[in-house]
Amino acid sequence: MAPDRHDSAVITFPNELEVVIARQFDAPITLVFDVLTKPEHVRKWGATPPDRMTECSIDLRVGGNYRSSFVTGDGTMFSFSGTYLEVEPPVRTVETWHFNCWPDVEAIETMELREHDGVTLFTWRMAFSDKAGRDHMTAFDGQQDSLDEMAKILRSLLNKSPA
């Protein structure tokens, strides 16, 4: 069954160390890049109800750091952090990725964007240092909700744009 690009992501495991999530958005590449990299947007999609974002800092430059924290509905605190290795607006970022709940798990996260006829393909690749780390990333709790929220933000921003 072929997935509909609207409100769905395709998740693949190309090998024992990688996870790839792909999703198309009906928005220009520059706007999708902004929603992925600007704290005012990431705060809205980085944690979806009942979770609540409590911290979001992004220093979008090679060597810059990012950190986001959120509290779940049951009061559990989670955080993600890393350092940017490559920044190529509006098509690509590469960064280290650490999740506080899995302190021994390390990954390199690559976010790439490609636009064709007003549709932007977002490809999110995580390459883990070992299979045990990759095996943690099988449930994908929250990723689909976050991508759905990104789509809502993009629609809202496009509706505000002057004609």
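The values are calculated or read from the model by the stated rules, or taken from the named source; none is laboratory data. All values reported here derive from a predicted model rather than from experimental measurement. Reconstructed Cβ throughout: ideal geometry from the backbone, glycine too, with neighbour counts over all protein chains shown. Accessible surface areas use protein heavy atoms only, side chains included; no ligands, DNA or RNA. Shrake-Rupley method; radii C 1.70, N 1.55, O 1.52, S 1.80 Å.
For the stretch 38-163, what is the relative contact order in percent, using Cα pairs closer than 8 Å and at least 6 residues apart in sequence? Don't skip to the answer; put the middle values down first.
Numbers: 210 pairs, mean separation 20.4, N = 126.
In percent, rounded to a whole number, it is 16.
Computed over the Cα atoms of the chain, what is the convex hull's projected area averaged over all directions, in nm²?
Values: hull surface 40.5 nm².
The Cα convex hull of the chain, projected and averaged over all directions, gives 10.1 nm².
So if I place +1 on the C-beta of Lys and Arg and -1 on the C-beta of Asp and Glu, and nothing else carries charge, what would the dipole magnitude of the chain be about its Cα centre? I want it in debye, nearest 20.
On the way: 16 positive and 26 negative charges, 94 e Å.
Its charge dipole is roughly 460 debye.
Tell me, what does the Kirkwood hydrodynamic radius of the stretch 22-118 come to in angstroms if you use every pair of distinct C-alpha atoms? Can you show the working numbers first?
Numbers: mean 1/r = 0.0701 Å⁻¹.
Hydrodynamic radius (Kirkwood, Cα pairs) of the stretch 22-118 is 14.3 Å.
Could you work out what % of the accessible surface of the chain is carbon and sulfur, using a 1.4 angstrom probe and leaving DNA, RNA and ligands out of the count? Provide the component values of the computation, followed by the final result.
Working: 4590 of 8780 Å².
Whole-percent figure for carbon plus sulfur exposure: 52.
At R0 = 25 Å, how high is the FRET efficiency between residue 43 and residue 144 if r is their beta carbon distance? Nearest 0.05 is fine. Kindly include the intermediate steps, with their values, before the conclusion.
Numbers: r = 19 Å, r/R0 = 0.75.
Using R0 = 25 Å, I get an efficiency of 0.85.
In Å², what does the accessible area per residue of the stretch 22-163 work out to with a 1.4 Å probe?
Values: 7320 Å² over 142 residues.
Here the residues of the stretch 22-163 average 52 Å² of exposed surface.
When the helices in the chain are scored as -39500 (n - 2.57) per DSSP H run of 4 or longer and the sum is shared across all residues, what 222 nm value do you end up with, to the nearest 500 deg cm²/dmol? Please report the intermediate quantities before stating the final value.
Numbers: 4 runs with 40 residues, N = 163.
Theoretical 222 nm ellipticity from helices: -7000 deg cm²/dmol.
Taking K and R as +1 and D and E as -1, what net charge do the other residues with C-beta under 14 Å from the C-beta of residue 17 add up to? Don't skip to the end; give the middle numbers.
On the way: positive: 125, 131, 134; negative: 16, 18, 106, 109, 130, 135.
Net of charged neighbours comes to -3.
May I ask for the equivalent-ellipsoid semi-axes of the stretch 6-48, computed as the square root of five times each C-alpha gyration tensor eigenvalue and listed largest first in whole Å? Walk me through the numbers before you get to the answer.
Numbers: eigenvalues 103, 37, 22 Å².
Output for the stretch 6-48: semi-axes of 23, 14, 11 Å.
Students often check this: by mean Cβ neighbours within 10 Å, which of 58-64, 30-36, 76-82, 92-98 ranks highest, and how do the rest follow?
On the way: 58-64: 13.0, 30-36: 20.1, 76-82: 14.9, 92-98: 18.3.
For the peptides 58-64, 30-36, 76-82, 92-98, the packing ranking is 30-36, 92-98, 76-82, 58-64.
Rg (Å, one decimal) plus Dmax (Å, integer) for the alpha carbons of the stretch 1-75?
15.0, 42
How far is helix 143-160 tilted off the main Cα axis of the chain, in degrees rounded to 10, range 0 to 90?
Tilt of helix 143-160: around 30 degrees.
Quick one: plug the Kirkwood hydrodynamic radius of the stretch 39-92 (C-alpha pairs) into Stokes-Einstein at 25 °C, 0.890 mPa s, and report D in µm²/s.
On the way: Rh = 11.9 Å.
This corresponds to a translational diffusion coefficient of 206 µm²/s.
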